[in-house]
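The values are calculated or read from the model by the stated rules, or taken from the named source; none is laboratory data. Worth saying up front: this structure is predicted, and the values here are computed from it rather than measured. Cβ: placed from backbone, ideal geometry, glycine included. Neighbour counts: every protein chain shown.
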Amino acid sequence: MEVEKIMQNLEQKHPGESEFLQAVREVLLSVKDIYNQHPEFEKAKIIERIVEPERIVMFRVPWTDDKGDVHVNIGYRVQFNSAIGPYKGGLRFHPSVNLSIMKFLGFEQTFKNALTTLPMGGAKGGSDFSIRGRSDAEVMRFCQSFMAELYRHIGPNVDVPAGDIGVGGREIGYLFGMYKKLTTQWEGVLTGKGMEWGGSILRPEATGYGALYFVNQMLQTRNIDIKGKSVVISGFGNVAWGAAKKATELGAKVITISGPDGYIYDPAGISGEKIEYMLELRATGNDICSPYADKFEGSKFVEGKKPWECKADIYLTCATQNELNGQDADMILAHKPDCVAEVSNMGCTADAVTKFVEAQQLFAPGKAVNAGGVATSGLEMTQNSIRLHWSGQEVDEKLHYIMHSIHEQCVKYGTQPDGYIDYVKGANVAGFMKVAHAMMAQGVV
Ligand code: GLU
């Protein structure tokens with residue numbers, strides 16, 4: 001495989017899709033050695049096929065606001081790869097959403113889902129719609145309009161969307177209601193549903209919890225105890241919330257969270273009622289950081305900056321893609337931390353990843369670290385299929401097992417001759433091999 005040639009080709013076909021091209025390049029660089037040992041892959045053009053989505057649906061989403069004004073957003077569903085199961089992946093509602101971001105997320109999801117051990121293909125969708133400042137009624141009308149088109153492309157054995165940035169329990173509820181009305185079917189077509197109507201216990205917490213189970217195992221490879229460690233977290237959404245809760249439960253101390261306007265530094269630790277307060281602010285659509293600093297003594301709001309400048313033992317990206325760049329990586333490396341992990345999808349830029357790996361920093365990529373979210377979605381699908389509702393303990397045990405198994409796959413495929421575990425390579429190779437083998441078995445389709 002000639003990575004540069006493939007990339008040139010892809011850049012010509014899809015000019016300007018920078019996030020997508022970044023995600024593909026990372027995977028190709030990781031898998032090229034093992035790929036070259038499999039001439040049958042080359043013959044079947046596995047790479048050329050795996051980098052193109054099986055299908056992309058793009059559609060108009062018109063809706064009316066509370067004043068009666070009409071708005072038009074763009075809706076997307078990128079059904080990337082169904083080799084190992086029905087398409088599965090979240091929906092993102094955020095003004096930054098475009099085709100490149102949808103494709104990068106769908107591509108990442110394919111390998112992430114392969115790592116979970118569950119039979120799920122990869123997809124992503126969403127819209128450039130912003131829920132910020134919108135009333136419940138406006139969000140409902142938007143979701144209904146979005147589903148009025150999406151419903152014909154999804155189904156419990158076809159494609160099962162879920163949440164992502166801007167899509168939480170409320171949005172899943174409105175989307176599900178409209179799907180049910182249009183199809184007259186009550187089925188497990190979405191995950192992240194409410195507990196009373198087919199949702200799985202622990203799904204809201206699962207991304208953050210799973211990430212901390214994974215980080216704990218990373219630390220154990222270097223005989224480091226997580227207790228008493230300080231943790232820098234970015235973001236203030238669902239993922240940051242779950243990560244902060246579990247980090248605290250494991251005995252670590254979370255000292256930052258961040259929003260678009262800056263970050264909060266709270267040396268006393270962000271836990272308990274402080275986390276609940278952050279949730280309250282988020283639910284009301286308010287800024288998180290400045291009200292937090294006003295309420296809790298000893299904390300401070302640092303405007304317009306990212307939390308990476310703070311000294312800590314563990315750094316977790318929990319907000320969005322490319323939120324940690326090469327300069328940030330230099331700053332973090334100077335603090336000699338125990339561990340850096342992407343909890344957001346592709347949280348680090350390519351040069352930041354290279355710096356961490358070259359420094360032999362204990363570092364892991366989002367597709368391994370944050371896979372607990374979609375894995376628990378997979379467990380929700382199972383519960384819907386067998387029409388049962390598992391206890392929290394049962395789901396948590398399975399989540400533990402899955403995160404453990406993802407870690408094992410990373411160690412198996414990522415351990416270098418000098419003993420350094422390259423989790424980026426490990427995760428990419430393990431995910432890729434599973435999808436490639438499934439595609440080989442199913443012929444040229
Ligand atoms: N959006 C989440 C992710 O990036 C969850 C997807 C899902 O549960 O299907 O993996």
Identify the residue in segment 198-227 that is under 16 Å from Ser391 (Cα atoms) and not in a helix (DSSP H, G or I) and, among all such residues, is farthest from the chain's Cα centre (by Cα). Gly198
Among the residues of segment 292-320, which ones are within 16 Å of the ligand (Cβ to nearest atom) and surrounded by fewer than 22 Cβ atoms within 10 Å (Cβ to Cβ)? Thr320
So Val343, is it crowded, with 17+ Cβ neighbours inside 10 Å, among the β-branched types (Val, Ile, Thr), within 16 Å of the ligand (Cβ to nearest atom) and closer than 18 Å to Glu26 by Cα: yes
Which listed residue is modelled with pLDDT of 95 or more, within 16 Å of the ligand (Cβ to nearest atom) and of a type outside the set (S, T, N, Q), from Gly392, Gly366: Gly366
If you check Ile275, Ile264, Ile270, which single one turns out to be closer than 15 Å to Gly235 by Cα, at pLDDT 90 or above and outside any loop (DSSP other than H, G, I, E, B)? Ile264
Only one of Ile165, Ile201, Ile172 that is of a type in the set (A, V, I, L, M, F, W, C), closer than 25 Å to Leu279 by Cβ and free of Cβ contacts under 8 Å to residues at least 24 places away in the same chain: Ile172
Checking Gly173 against (1) closer than 30 Å to Gly431 by Cα; (2) not in a loop (DSSP other than H, G, I, E, B), which test does it fail? (1)
Gly126 meets each of (1) within 11 Å of the ligand (Cβ to nearest atom); (2) free of Cβ contacts under 8 Å to residues at least 60 places away in the same chain; (3) farther than 19 Å from Trp63 by Cα with one exception, condition (3)
Leading residue by the ranking (farthest from the chain's Cα centre (by Cα)) among those in segment 61-107 that are away from the ligand (no atom under 16 Å from the Cβ), in a strand (DSSP E or B) and among the aliphatic types (A, V, I, L, M): Val70
For segment 108-119, state whether one or more residues are within 16 Å of the ligand (Cβ to nearest atom), over 25 Å from Ser385 (Cβ atoms) and part of a helix (DSSP H, G or I). yes
Look through segment 202-222, keep the residues that are of a type in the set (A, V, I, L, M) and away from the ligand (no atom under 15 Å from the Cβ), and return whichever of them is nearest to Gly242 (Cα to Cα). Leu212
Residues of segment 134-169 satisfying the condition of being more than 13 Å from the ligand (Cβ to nearest atom), under 24 Å from the mean Cα position of the chain (by Cα) and among the small types (Gly, Ala, Ser): Gly155
